[in-house]
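First comes the structure, then the notes that go with it.
The values are calculated or read from the model by the stated rules, or taken from the named source; none is laboratory data. Being a predicted model, the structure only gives us computed values, none of them experimental. Backbone-built Cβ (ideal geometry, glycine too); neighbour counts: all protein chains shown. Accessible surface areas use protein heavy atoms only, side chains included; no ligands, DNA or RNA. Shrake-Rupley method; radii C 1.70, N 1.55, O 1.52, S 1.80 Å.
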Amino acid sequence: METNEMTPEQSLQVISDAIAKSRKDFEKHAGTPMTFWGSIVLLFSITVWILLMLTGNPVWNFLWFGIPVIGYPLTSILLKGKCKEGGESFISKTLGQIWAAYGIFAMVLSAVFAFIAPQFTGYTITVLLGFAAAMTGFVLKNCWITAGGFITGLGCTIALFFSQNEFVPLYFSAASILNLIVPGIMMNRRAK
């Protein structure tokens, strides 16, 4: 009688191959949602910046809370079936958890800072965005996304210290292009 037991090396190879396939499958389908969310963030960033510049009233910063309010329903309507083709994999679950954590931290800290220290909101959310993007790049083994995350989290945050708060939306615009739109377009091109 023959047994099909694998050696530890064979088991590790099977696991490595499964994770690599999961990563490749995720990248095939992630470009459109990344580009979509990047476009939503870009649209809100430009809108907030224009309204701040025209009125000088910081109340327009509450529009940032519209990103998930508009983004999630539109995602389920416009991207139905494009985000999770082929079922949920280890990579898609991991990245979903990273971005869910970002969303929770960003929303809670924005709400708290809106009342106690509004000047710190931009710095904090930019660092968190850069961190989430860098983690995404590490998980996907994508140097572009990782570098974009570090540029956003460190570079934009340092630049914010030397500029005025009304320029925060412009940094978010740049971050959405750097971390979501460009990598999403690159993934879509590679998938074709």
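A compact table of results
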quantity	calculated
Sole residue being modelled with pLDDT of 80 or more and assigned to a helix (DSSP H, G or I), chosen from G103, G122	G103
Residue within region 45-62 that is under 15 Å from the mean Cα position of the chain (by Cα), part of a helix (DSSP H, G or I) and β-branched (V, I, T) present	no
Check on L129, at pLDDT 85 or above, under 19 Å from G66 (Cβ atoms) and surrounded by fewer than 22 Cβ atoms within 10 Å (Cβ to Cβ)	no
Within region 157-174, tally of residues that are surrounded by 17 or more Cβ atoms within 10 Å (Cβ to Cβ) and not hydrophobic (A, V, I, L, M, F, W, C)	4
I177 vs. criteria in a helix (DSSP H, G or I), modelled with pLDDT of 85 or more, open to solvent by less than 40 Å² (accessible area, probe 1.4 Å) and closer than 17 Å to M34 by Cβ	no
Enumeration of residues in region 27-41 that are at pLDDT 90 or above and of a type in the set (G, A, S)	G38, S39
First in region 132-161 and closer than 13 Å to G122 by Cα, second anywhere and crowded, with 22+ Cβ neighbours inside 10 Å and of a type in the set (V, I, T), Cβ under 9 Å, 6 or more apart	T152/T126; G153/T126; C156/T126; T157/T126; L160/T126; L160/V168
Any pair with Cβ under 7 angstrom, 6 or more apart, that starts in region 84-101 at a residue that is within 16 Å of G149 (Cα to Cα) and of a type outside the set (D, E) and ends at one that is surrounded by 14 or more Cβ atoms within 10 Å (Cβ to Cβ) and at pLDDT 85 or above	L95/T136; L95/V139; I98/A132; I98/M135; I98/T136; W99/A132
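Conditions (1) surrounded by fewer than 20 Cβ atoms within 10 Å (Cβ to Cβ); (2) of a type in the set (G, A, S); (3) within 17 Å of the chain's Cα centre (by Cα), marked per residue:
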position: Q119; (1), (2), (3): yes, no, no
position: L140; (1), (2), (3): no, no, yes
position: I145; (1), (2), (3): no, no, yes
position: G155; (1), (2), (3): yes, yes, yes
